């Protein structure tokens, strides 16, 4: 025994491999071997008594068709595979070029399905499926207070202090809030997004600074040092990547801040993705009074659990603390933690708002991918039928089954490769587009990139389908007798049509589901945009100015400054009216205060006690915003120098049910100050969003509030296009003080549109997917019927001869197509009824079983199916039996 | 006994014949075909058309190895010899062929 089989095998392969590159040498060897055989055979024949010439002829006779078995010898080598591959690719390309319609449809289908899937998966994966980009991120949680009505409520600093001292579940705990400082100094002034954070913020996230250090508890104390940590991007862009940045002073809001750290380039701040600067919170941990900012509900809190502590256990501990107040930790009534505290994984908190939309969109794209696969299957099956004769012919001419399969495989792979390339291109464009149209506030957008795994999976799925389906005709061709295939219709055609019919029905069903989704969203957006916002939805331009710097150090200076700004803005030509307001509807601002009637004690009611939106306004606010007056009067035209208030209808209903509120006293915010006198009732406005219900609000004169809001909106009513006046109004604002940054510019019509952004985003994608799905279904129906009519020409001819009218024939074809569509729609209807649940949270003002939408989808599917049937039916109706039957 | 035509040598049995022939000693193609014919008393005539592809196939399976050698009459010829895995395969092929023949015999024998 010599050696094991492995070296033998390897030597065999080596020989093959050598043969691939040195084909000539191998051919020579074979020639020589065969020549030796002929010689010996000749000699043997001579020895047996033949004359030499005859002997040689005899020997060579055996080699008749020598080329044929040289071919066979070659075929036994797998080098043959490589040679065949090249010729298969050439043949495949030629055969695809011969049917450009088929090739284009297949490549486009594959490309669209792959591209859309990859783009959507790339966008949703970081949000839905990936952990947050921090070490051991499963231990990160968010902590929220709970409002009396059960809604999550930002925490007060006092609560954070108490939790920090009493809880044992956390390794690090930090509060944070947004901060928008203006950076001046080198270069133009720039308003930065940033955060004020507790000392342990970065320790909780477990992020090490690339340069410098973290904040310390010594930084984070009342009147602590002005220190700042900046992100990598800002460091590179504004400070040229200065390696000595730590210790340098930079100017934020006209105050010098010392840079103590730079974050690494890889850092992603999931709690506020646009933040670039961080400074310590610097609240007073001694909690001097209930009236200070330490007890306002405006902090978000994150924490890192100790190893081994579960989220639920931490929640239980905090609830226990909430229910067990200690005298050393006094709590005000509005932060008594009566509703407990809520602990949730940080990941859920960050992605919660976006999750339903992305899941719905993800579901939709999976449907689209399935439709794409079904369509490719259908196209390949149809093509397989068309090629039955070709394949049978090649079998008859001696092509082996393996050879046919290899060749069809090559063609399928070619299609997949081209489709995959188109898909990759579409995915890159799609990801860019999706990021661009994503609704504001979409989390983790910076982590979005074309996902290679998704690309591989999508290409693999479609390739698999293509290969499997592509093989069906080859296997069938190899199995059937070539003669029967060439001479007559295959007996399996019926079963084959049933298979394709099923596929078409499935396609219609899936399309129907997408149509329902698109329809429901369309109706929701319609309803949303039809919501009565309570203010003028066009013609109003608003700019938010954030005051900063020493010149506006006290409330008086701020009031004087904004009075001047208002006067300057009103003087701009084209401005009809102007006003100031502490918050603008639909901007996401949610400045709420409790209200209380000093004259009547109302029973506790979560809705009533939840607080109302407080607007500190100046100028002619109600006229400018177009908020209609319901009762009494407003302070637009005087009265702004008295302690008066205008309330909204909801507030009037809740607090003054059955009585006339005009002339009544009302505490807003601090109950220790004198109450306001109600002078009027106006319509409710939508403050938070179009979808949230009408919101209760209270309006007080700006100078009658106990502090001056530092970042009010300057709103102007224009005579024409609101946006066109932006430059002029901006110039007017800066004519008063060029150093005050304008942080936001909006028109009310933009705000209304943006408020429906989530639904519009989902709608745009569903519409796109539904359109593509409809097109694919139409192609599917058309392809099937066109093929059937072509193949049944003879049968149709016979029917006509036997007395069928053209109408009968047309009806037969239409009935076939519409019947499939009806079956598909019926299945789709059931699927949509079940599947629309996934959309519930995106719907507004419309039931997920909205009959109008379902009727609409049926109509659309019917119309498209009828259109797809029309041409084949017309063609069937024109079949001339004389010609058809003679041709057979 | 009249020679059977090439096609009567079934593919599977051709492999077996080649392996068995080479089990005795290394041999070139023509020699293999000769020996098969002689040993089968002219019953099996293995034409080149099936012999060389079969040799190629067996070599690729790693059952045979080939090398160019000088013959007795000092001419160059390609000699094939069995590899160890070829020898193992031969054992298995022979066993299964015997089982097959036995089964056939059992069926064909007039039942007693």
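The values are calculated or read from the model by the stated rules, or taken from the named source; none is laboratory data. Being a predicted model, the structure only gives us computed values, none of them experimental. For neighbour counting, all protein chains shown are included, and Cβ atoms are generated from backbone atoms with ideal geometry for every residue, glycine included.
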Yes/no for residue B:64 being more than 11 Å from every other protein chain (Cβ to nearest Cβ) and at pLDDT 85 or above | no
Quickly run through region A:433-451 and pick out the residues that are in contact with a helix residue (DSSP H, G or I) (Cβ under 9 Å, 6 or more places away or on another chain), at pLDDT 75 or above and part of a helix (DSSP H, G or I).
-> A:433, A:434, A:435
Quickly run through region A:16-29 and pick out the residues that are buried (at least 17 other Cβ atoms within 10 Å of the Cβ) and either modelled with pLDDT of 60 or more or within 8 Å of another protein chain (Cβ to nearest Cβ) (or both).
-> A:16, A:26
Selected residue [within 12 Å of another protein chain (Cβ to nearest Cβ), modelled with pLDDT of 75 or more and surrounded by 17 or more Cβ atoms within 10 Å (Cβ to Cβ)] from A:56, A:77, A:40 | A:40
Which of the following residues is more than 21 Å from residue A:716 (Cα to Cα) and buried (at least 18 other Cβ atoms within 10 Å of the Cβ): A:668, A:685, A:627?
-> A:668
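This table checks each residue for (1) assigned to a loop (DSSP other than H, G, I, E, B); (2) over 33 Å from the mean Cα position of the chain (by Cα).
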site: A:532; (1), (2): yes, no
site: A:535; (1), (2): yes, no
site: A:542; (1), (2): no, no
site: A:580; (1), (2): no, yes
site: A:589; (1), (2): yes, no
site: A:616; (1), (2): no, yes
Applying the selection to region A:239-253, what residues are in contact with a strand residue (DSSP E or B) (Cβ under 7 Å, 6 or more places away or on another chain) and either at pLDDT below 90 or surrounded by 14 or more Cβ atoms within 10 Å (Cβ to Cβ) (or both)?
-> A:245, A:246, A:250, A:251, A:252, A:253
Subset tally (residues that are part of a strand (DSSP E or B) and buried (at least 22 other Cβ atoms within 10 Å of the Cβ)) for region A:699-712 | 2
Which of the residues spanning region B:38-49 are facing chain A (nearest Cβ under 8 Å) and either in a loop (DSSP other than H, G, I, E, B) or surrounded by 21 or more Cβ atoms within 10 Å (Cβ to Cβ) (or both)?
-> B:47, B:48
Of the residues A:657, A:691, which single one is within 30 Å of residue A:757 (Cβ to Cβ) and part of a loop (DSSP other than H, G, I, E, B)?
-> A:691
Taking residue B:52 and the conditions (1) more than 8 Å from chain A (Cβ to nearest Cβ); (2) within 14 Å of the chain's Cα centre (by Cα); (3) crowded, with 17+ Cβ neighbours inside 10 Å, which numbered condition does it fall short on, given that it satisfies the others?
-> (1)
Lone qualifier among B:88, B:57, B:69, B:34 - being modelled with pLDDT of 85 or more, within 9 Å of chain A (Cβ to nearest Cβ) and closer than 23 Å to residue A:32 by Cα | B:34
What about residue A:523, is it part of a helix (DSSP H, G or I), modelled with pLDDT of 70 or more and under 29 Å from the mean Cα position of the chain (by Cα)?
-> yes
Is it the case that some residue within region A:658-665 is over 44 Å from the mean Cα position of the chain (by Cα), on the phi > 0 side of the Ramachandran plot and free of Cβ contacts under 8 Å to residues at least 60 places away in the same chain?
-> yes
Scanning region B:71-93 residue by residue, the ones that are touching a residue at least 40 places away in the same chain (Cβ under 8 Å), more than 22 Å from residue A:30 (Cβ to Cβ) and more than 14 Å from the chain's Cα centre (by Cα) total 0
Within region B:68-112, track down each residue that is over 18 Å from residue A:40 (Cβ atoms) and in a strand (DSSP E or B).
-> B:81, B:82
Subset of region A:802-842, residues buried (at least 19 other Cβ atoms within 10 Å of the Cβ) and within 26 Å of the chain's Cα centre (by Cα), comes to A:828, A:832, A:835, A:836, A:839, A:842
Taking region A:801-835, which residues are in a helix (DSSP H, G or I) and modelled with pLDDT under 80?
-> A:801
